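The values are calculated or read from the model by the stated rules, or taken from the named source; none is laboratory data. Remember, predicted model here, so these are calculated numbers, not experimental data. Glycine gets a Cβ as well: all are built from the backbone with ideal geometry, and neighbour counts include every protein chain shown.
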C-alpha cells in the first residue's frame, strides 16, 4: 500500500496516510477538522535490490568486468 502525503490549507498541518490505491483521498484534517485537505505530489522511495537489477548489472560496465574474457586472453 502506498503512503500518501497531505497538507491542510486551513492550518498548514502536513501528514501522511497509508492507504490502498482504491481508497478515497482524505478530506478532513485530523488536527483542525477543516475540509481543506489536499494531496501533495511526492517522489516515491523506491530502490531495486538483489541480483539482476540495474545497480548490480550495469554499474561497472566499461571497466573490463562482465564475462567477455578479454582480460584472460591477454595473459596467455
Within segment 37-57, restricting attention to residues that are under 13 Å from residue 15 (Cβ atoms) and part of a loop (DSSP other than H, G, I, E, B), which residue is modelled with the lowest pLDDT?
-> 42
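Could you grab me the full set of residues in segment 12-26 that are surrounded by fewer than 13 Cβ atoms within 10 Å (Cβ to Cβ) and out of contact with any strand residue (DSSP E or B) (no Cβ under 6 Å at 6 or more places or on another chain)? Spell out how you get there, then give the answer.
In the first step, residues of segment 12-26 are kept if they are surrounded by fewer than 13 Cβ atoms within 10 Å (Cβ to Cβ); the result is 12, 14, 16, 18, 20-25.
Within segment 12-26, 12, 20, 21, 22, 23, 24 qualify.
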